[in-house]
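Reviewing the structure listed below.
The values are calculated or read from the model by the stated rules, or taken from the named source; none is laboratory data. Keep in mind that this is a model prediction, so the values were computed, not measured. Here the Cβ is made from the backbone with ideal geometry for all residues, glycine too, and neighbour counts use every protein chain on show. Just the protein is used for accessible areas: all its heavy atoms, side chains included, with ligands, DNA and RNA removed. Shrake-Rupley method; radii C 1.70, N 1.55, O 1.52, S 1.80 Å.
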Amino acid sequence: MLAAFLLLAGLLQGSASPVTVSAAVSLTEALEDVAAAYRAAGGPQVAFNFAGSNVLARQIVNGAPVDVFISADEAQMEVVARAGLIAGGTRADVAGNTLVLVADARTSIRTLADLGNAEVRRIAIGDPAAVPAGAYARTYLEDIGLWQRLEPKIVPTTNVRAALTAVQNGSASAAFVYATDARVAPALKVVATIAGARAPRIVYPACVVRTSRQPAAAAAFVNFLRGSVAAAILARHGFAPPAAR
Amino acid sequence: MNLWQITSFTLMAALAATLLMLPFGLLLAWVLARGQFRGRVLLDTLVSLPLVMPPVATGLLLLMLFAPRGPIGALLARVGIEVVFTRKAVVLAMAIMALPLFVRTARAGFEQVERRYEAVAATLGAPPWRVFLTVSLPLAAPSLIAATVLGFARSIGEFGATIVIAGSIPGSTRTLAVAIYSFAETGNDRAAVVLVAVSAAIAFAALWISTALAPGSGVRR
């Protein structure tokens, strides 16, 4: 009985509490490598919670015990800011990215305009109402005047990786994802890279959450993210350096 | 948000799913209640699996089977049928999740039918299908109706498997449960709360009916 209680207590408590980082799902592989490097450099254990930035922002606003938040866009960081939950002076951009259009390797899609063709049945994007990758995609498609024509084909997904998966298993003909996501799915083809004056400016802002119980450890991890070791890891995974404001 | 569209689609899909699983469910419940054969426990376990497996796992299994690259999905694609991200996927997910609940309840109903009535019918020359239709089915009817309502209610609440295989496409595959999730995670709390109220009302009504109809509920029939 006592043993069972101790086991339960141990399970619930965990050992030394790690720094909890809620991060945009597109950062998954890169941040796991950063955390390993952080450990190797003598830093504490980091526990990740990966999901669509909008889901993470909602969790934080509702009081989830999170130390660091890394969003895939400004809009979701603003959700946390409006709730007064960014620890003063800790907000900083840590990476940049590019939007790409991916499709199956055997696809007939050659350009963005081909998305209007009849054989393109479904286009997966993160839910444009909140998922950053979807919001970027929608804004861009509106800017170039394609959104209205493509909207009936849009399948909104809960995060950017779910859009990628939909193309991988053949449920969608194409998806708008980040260039870094496309690298995780080498079987898919990058049909177009969104560049030019109308291309969305994609940044990943990070912050320490004001209610963190270990603000110093959290700030240390954010600083590490902005340092040269993390920058090299992020670059290796295809992320751009954060653009100067 | 189109409250009426979401609600009516959810009700229609749940109805379709209930009708779809009903023949299979009746057969399974009957076989499990009365059949004497090897592998009965195995069949019982398999049918009940979706009840205890994480719904997301069930959804993933369905996705792997029905995706255009999956074994069943590839066959269906050849005859021009798409399942994933369509309304068919919603009905499929609901039916699979409702089946075990129906079978367990209906089976208990069949088990409560006195065997001697069935035996008498059989000695009077009725073949098994006729015994089933004219004796077992009417005698178990209250349980079967309760089981059907329960399956229907479970369909309405289905979320985990649906979000995986049908997605959350507004005006198409978005059911009450999926819409609540989508609205909540995109910050549209007001819409989410309205839908929570609607689904609570439907669930309440369905459970009320199911309980009132179940044998031994004390309600006069």
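I'm trying to understand the selection: among the residues of the stretch B:67-95, which are in a helix (DSSP H, G or I), at the interface with chain A (Cβ under 9 Å from one of its Cβ atoms) and under 23 Å from residue B:18 (Cα atoms)?
Selection gives B:73 alone.
I'm trying to understand the selection: among the residues of the stretch A:66-92, which are in contact with a helix residue (DSSP H, G or I) (Cβ under 7 Å, 6 or more places away or on another chain), under 19 Å from residue A:159 (Cβ atoms) and either in contact (Cβ under 8 Å) with a residue 60 or more places away in the chain or among the aromatic types (Phe, Trp, Tyr) (or both)?
Answer for the stretch A:66-92, where residues must be in contact with a helix residue (DSSP H, G or I) (Cβ under 7 Å, 6 or more places away or on another chain), under 19 Å from residue A:159 (Cβ atoms) and either in contact (Cβ under 8 Å) with a residue 60 or more places away in the chain or among the aromatic types (Phe, Trp, Tyr) (or both): A:66, A:68, A:69, A:70, A:71, A:72, A:73, A:75, A:80.
Being away from chain B (no Cβ under 11 Å), open to solvent by 10 Å² or more (accessible area, probe 1.4 Å) and not in a loop (DSSP other than H, G, I, E, B) is the filter here; which residues of the stretch A:157-193 pass it?
A:161, A:179, A:182, A:183, A:184, A:188, A:189, A:190, A:191, A:192, A:193
Working only within the stretch B:36-64, note down all residues that are surrounded by 14 or more Cβ atoms within 10 Å (Cβ to Cβ) and of a type in the set (Gly, Ala, Ser).
Listed by number, the residues that qualify are B:48, B:57, B:59.
Looking at (1) over 13 Å from the mean Cα position of the chain (by Cα); (2) away from chain B (no Cβ under 14 Å); (3) among the small types (Gly, Ala, Ser), which one does residue A:72 not meet, given that it meets all the others?
The failed condition is (1).
Just to be sure I understand the filter: pairs with C-beta atoms under 6 Å, separated by 6 or more residues or on different chains, first member in the stretch A:45-65 and closer than 13 Å to residue A:25 by Cβ, second member β-branched (Val, Ile, Thr) and not in a helix (DSSP H, G or I). Which pairs pass?
That search, which allows pairs on different chains as well, returns A:48/A:21; A:52/A:131; A:52/A:158; A:54/A:131.
I'd like the residue in the stretch B:173-182 that is more than 9 Å from chain A (Cβ to nearest Cβ) and either modelled with pLDDT under 90 or more than 21 Å from residue B:19 (Cα to Cα) (or both) and, out of all such residues, is most open to solvent (accessible area, probe 1.4 Å).
Selected residue: B:180.
Taking the stretch A:139-156, which residues are assigned to a helix (DSSP H, G or I) and crowded, with 23+ Cβ neighbours inside 10 Å? Can you show your working first?
Initial filter on the stretch A:139-156 (assigned to a helix (DSSP H, G or I)): A:139-143, A:147-153.
Across the stretch A:139-156, the qualifying residue is only A:141.
Pairs under 6 Å by beta carbon, first residue part of a helix (DSSP H, G or I) in the stretch B:41-58, partner open to solvent by 40 Å² or more (accessible area, probe 1.4 Å) and at pLDDT 95 or above, six or more apart or different chains?
Hits for this filter: B:50/B:96.
Report the residue count in the stretch B:112-149 for those that are open to solvent by 40 Å² or more (accessible area, probe 1.4 Å) and among the aliphatic types (A, V, I, L, M).
Here the count works out to 8.
Which of (1) buried (at least 23 other Cβ atoms within 10 Å of the Cβ); (2) part of a loop (DSSP other than H, G, I, E, B) is the odd one out, the single condition residue A:197 does not satisfy?
(1)
Could you pull out the residue among A:175, A:163 that is under 15 Å from residue A:138 (Cβ atoms) and out of contact with any Leu (no Cβ under 9 Å at 6 or more places or on another chain)?
Just one listed residue meets the conditions, A:163.
Just checking, how many residues over the stretch A:147-186 are basic (Lys, Arg) and without any contact (Cβ under 8 Å) to a residue 24 or more places away in the chain?
Final tally of qualifying residues: 0.
Has the stretch A:118-127 got any residue that is more than 22 Å from residue A:27 (Cα to Cα), in a strand (DSSP E or B) and either more than 14 Å from chain B (Cβ to nearest Cβ) or in contact with a strand residue (DSSP E or B) (Cβ under 6 Å, 6 or more places away or on another chain) (or both)?
The answer is yes, given that some residue of the stretch A:118-127 is more than 22 Å from residue A:27 (Cα to Cα), in a strand (DSSP E or B) and either more than 14 Å from chain B (Cβ to nearest Cβ) or in contact with a strand residue (DSSP E or B) (Cβ under 6 Å, 6 or more places away or on another chain) (or both).
Return only the number of the condition from (1) open to solvent by 20 Å² or more (accessible area, probe 1.4 Å); (2) under 16 Å from the mean Cα position of the chain (by Cα) that residue A:117 does not satisfy.
(2) is the only condition that residue A:117 fails.
Could you tell me which residue of the stretch B:183-202 is farthest from residue B:97 (Cα to Cα), considering only residues that are open to solvent by less than 20 Å² (accessible area, probe 1.4 Å) and at pLDDT 90 or above?
Top of the filtered list is B:191.
Working only within the stretch B:49-66, note down all residues that are more than 10 Å from chain A (Cβ to nearest Cβ), touching a helix residue (DSSP H, G or I) at 6+ places or on another chain (Cβ under 8 Å) and farther than 19 Å from residue A:158 by Cα.
Answer for the stretch B:49-66, where residues must be more than 10 Å from chain A (Cβ to nearest Cβ), touching a helix residue (DSSP H, G or I) at 6+ places or on another chain (Cβ under 8 Å) and farther than 19 Å from residue A:158 by Cα: B:49, B:50, B:51, B:65.
Enumerate the helices (runs of 4 or more DSSP H) found wholly within the stretch B:100-199, keeping only those where 2 or more residues are closer than 26 Å to residue B:82 by Cβ. Let's see the steps before the verdict.
Details: elements: B:115-123, B:128-131, B:137-157, B:160-165, B:176-185.
Per the criteria, B:137-157, B:160-165, B:176-185.
Every residue in the stretch A:166-192 that is hydroxyl-bearing (Ser, Thr, Tyr) and within 12 Å of residue B:85 (Cβ to Cβ), please.
A:171, A:173
Of all residues in the stretch B:154-168, which are open to solvent by 20 Å² or more (accessible area, probe 1.4 Å) and either of a type outside the set (Phe, Trp, Tyr) or within 10 Å of another protein chain (Cβ to nearest Cβ) (or both)?
Answer for the stretch B:154-168, where residues must be open to solvent by 20 Å² or more (accessible area, probe 1.4 Å) and either of a type outside the set (Phe, Trp, Tyr) or within 10 Å of another protein chain (Cβ to nearest Cβ) (or both): B:154, B:157, B:163, B:164.
Since residue A:99 meets every condition but one in (1) within 30 Å of residue A:17 (Cβ to Cβ); (2) in contact with a strand residue (DSSP E or B) (Cβ under 7 Å, 6 or more places away or on another chain), which condition does it not meet?
The number of the failed condition is (1).
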